[in-house]
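Participant: Mind having a look at this structure? Questions to follow.
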Amino acid sequence: MSKAWGLISFILFCLGVVLAVVGGLALPENALVGVLLAIFGLIIGIIYVAVVKDSQEINTLLLATIALLAMAAAFAPITFLGVGKIAASILVYFAALMSPVALLAAIKALLRVGFGSRIKM
C-alpha cells in the first residue's frame, strides 16, 4: 500500500513540475495554474505526512523548500532577454506546488517535537 501511495505522489509531483514549467513559460501569473499546483501540493503533502516515518527526510524537505523560496526571489533582477521573469515565474509556480507539502511536513515535525514519543506519526 505504501508503494502505491508513493507512486501516486511521484506522478502528481512530475505532473506538477511539468505544469509549473509550461505555466511559467506560456501562462505566467495565471491564478488557475497556481490553484491547481497548490491542490497537487496539498495531495502530495497529505500522502507524504501519512507515509513518511523518517524525520531526517522531513528536515531535508523543509530545508530544500526554504532554498527554493529564496531562489525564486534571486532570479527577478535578471533582465537579459526576460530570462529572470521567466525563471521567476517557473519558480513561483514550483513554490506553489511545494509550499503545501512543506507546510504539512512542518506541522508534522512540530507535533513530533512537541509530543515526542507520546504520539504516533
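The values are calculated or read from the model by the stated rules, or taken from the named source; none is laboratory data. Nothing here was measured: the structure is a model prediction, and the numbers come from that model. Here Cβ is always computed from backbone atoms with ideal geometry, including for glycine, and neighbour counts include all displayed protein chains.
Participant: Which members of the stretch 40-75 meet the condition of being among the polar types (S, T, N, Q) and under 14 Å from L103 (Cβ atoms)?
Facilitator: T65
Participant: I need every pair where a residue in the stretch 108-119 that is outside any helix (DSSP H, G or I) has its Cβ under 9 Å from the Cβ of a residue that is modelled with pLDDT of 70 or more, sequence separation at least 6 or different chains.
Facilitator: I119/L111; I119/R112
Participant: Another question, then. Yes or no: the stretch 82-97 includes at least one residue that is under 11 Å from the mean Cα position of the chain (by Cα) and within 21 Å of W5 (Cβ to Cβ).
Facilitator: Yes, because at least one residue in the stretch 82-97 is under 11 Å from the mean Cα position of the chain (by Cα) and within 21 Å of W5 (Cβ to Cβ).
Participant: Now for a separate question. Could you list, ordered by first residue, the pairs with Cβ atoms under 8 Å in which the first is in the stretch 88-101 and over 12 Å from L19 (Cα atoms) and the second is hydrophobic (A, V, I, L, M, F, W, C) and not in a helix (DSSP H, G or I), at least 6 apart or interchain?
Facilitator: Once the first residue is over 12 Å from L19 (Cα atoms) and sits in the stretch 88-101, its partners that are hydrophobic (A, V, I, L, M, F, W, C) and not in a helix (DSSP H, G or I) give A88/F75; A88/A76.
Participant: Just name the residue that is surrounded by the fewest Cβ atoms within 10 Å (Cβ to Cβ) out of those in the stretch 1-25 that are free of Cβ contacts under 8 Å to residues at least 24 places away in the same chain and under 12 Å from Y93 (Cα atoms).
Facilitator: V18
Participant: Another question about this same structure. Under 6 Å between Cβ atoms, at least 6 apart or on separate chains: pull out the pairs that start in the stretch 47-68 with a residue that is in a helix (DSSP H, G or I) and end on any residue that is modelled with pLDDT under 85.
Facilitator: Pairs that qualify, where the first residue is in a helix (DSSP H, G or I) and the partner is modelled with pLDDT under 85, are I47/W5; V51/S2; V51/W5; I58/A109.
Participant: In a helix (DSSP H, G or I) and either surrounded by 16 or more Cβ atoms within 10 Å (Cβ to Cβ) or of a type in the set (S, T, N, Q) (or both), is that true of L37?
Facilitator: Spelling it out, L37 is indeed in a helix (DSSP H, G or I) and either surrounded by 16 or more Cβ atoms within 10 Å (Cβ to Cβ) or of a type in the set (S, T, N, Q) (or both).
Participant: Residues in the stretch 73-121 that are farther than 17 Å from I43 by Cα, surrounded by 16 or more Cβ atoms within 10 Å (Cβ to Cβ), small (G, A, S) and out of contact with any Ser or Thr (no Cβ under 9 Å at 6 or more places or on another chain): how many?
Facilitator: The qualifying residues number 3.
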